[in-house]
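Novice: Have a look at this one.
The values are calculated or read from the model by the stated rules, or taken from the named source; none is laboratory data. Predicted, not measured: the structure shown is a model, and the values here were computed from it. Ideal geometry is used to build each Cβ from the backbone, glycine not excepted, and the neighbour counts take in all protein chains shown.
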């Protein structure tokens, strides 16, 4: 619901294997490009073949590099998958949206955030299917998914608290519990629409999610939520 903050929990996630985050950090611009190419290639392979059926040789072939080069930057297929997920998570948590002033109608702020989230989810929809595959079989990936979901909920809880402090939202609500519930609702709407391929109009998704959010927290808008805004 808000623009990026430096204290977002997503900025503090540990590495999947418990290895210091800078151990495999490229030291040169060329190294950065090589690592980025490997992550891009891995995403292509994982989205095409799924995690279980993909091989490191598929990734290195896609990236036009050697297995030895791969191990310069990553320890395993699981670790590069986590790097792919981290990149997608950043896109979805901080997708960017047209500037809306903080003193504008809070519903307009919410609507802009929902639209940006849905558009980011659509960009990452095929990868979300891979996420479903691996979290069912890996405790580590389940924990990573929990942490990343928590980042969304904590961000949204901060916004709900601000609205409560301004007298614009129901103060009886626990902000964190409300944020968990509403974040889960919007995420599921996006999953149905873009990962599973339900026929969904973007404007209708944004309108419905925004109206449900506003109604759920008792948000008092300065202007009505209308279909097709933005």
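Novice: I need the full set of residues from region 37-52 which are within 18 Å of residue 67 (Cβ to Cβ) and without any contact (Cβ under 8 Å) to a residue 24 or more places away in the chain, in order please.
Specialist: The answer is 40, 41, 44, 45, 49.
Novice: Farther than 17 Å from residue 182 by Cα, surrounded by fewer than 18 Cβ atoms within 10 Å (Cβ to Cβ) and either modelled with pLDDT under 95 or touching a strand residue (DSSP E or B) at 6+ places or on another chain (Cβ under 7 Å) (or both): is that true of residue 102 in this structure?
Specialist: yes
Residue by residue, here is whether (1) in a loop (DSSP other than H, G, I, E, B); (2) outside the structural domain of residue 189 (by TED's automatic domain parsing); (3) in contact with a helix residue (DSSP H, G or I) (Cβ under 7 Å, 6 or more places away or on another chain); (4) surrounded by 21 or more Cβ atoms within 10 Å (Cβ to Cβ) holds:
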| site | (1), (2), (3), (4) |
| --- | --- |
| 71 | no, yes, no, no |
| 110 | no, no, yes, yes |
| 113 | no, no, no, yes |
| 121 | no, no, yes, yes |
| 131 | no, no, yes, yes |
| 143 | no, no, no, no |
| 158 | no, no, no, no |
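Novice: Quick check on this structure: which one of 92, 1 is assigned to a helix (DSSP H, G or I) and at pLDDT below 95?
Specialist: On inspection, the qualifying residue turns out to be 92.
Novice: Separate question: Which of the residues spanning region 199-230 are farther than 20 Å from residue 125 by Cα and at pLDDT below 85?
Specialist: Within region 199-230, 220, 221, 222, 223, 224, 225, 226, 227, 228, 229, 230 qualify.
Novice: Got at least one residue in region 190-198 being touching a helix residue (DSSP H, G or I) at 6+ places or on another chain (Cβ under 8 Å) and at pLDDT below 90?
Specialist: Yes - at least one qualifying residue is present in region 190-198.
Novice: If you go through region 36-69 one residue at a time, how many are surrounded by 15 or more Cβ atoms within 10 Å (Cβ to Cβ) and assigned to a loop (DSSP other than H, G, I, E, B)?
Specialist: 3
Novice: For region 165-178, check the following and say yes or no: at least one residue is in a helix (DSSP H, G or I) and closer than 20 Å to residue 91 by Cα.
Specialist: No, the conditions are met nowhere in region 165-178.
Novice: Can you confirm whether residue 108 is free of Cβ contacts under 8 Å to residues at least 24 places away in the same chain and either touching a strand residue (DSSP E or B) at 6+ places or on another chain (Cβ under 8 Å) or closer than 30 Å to residue 167 by Cβ (or both)?
Specialist: The answer is no for residue 108.
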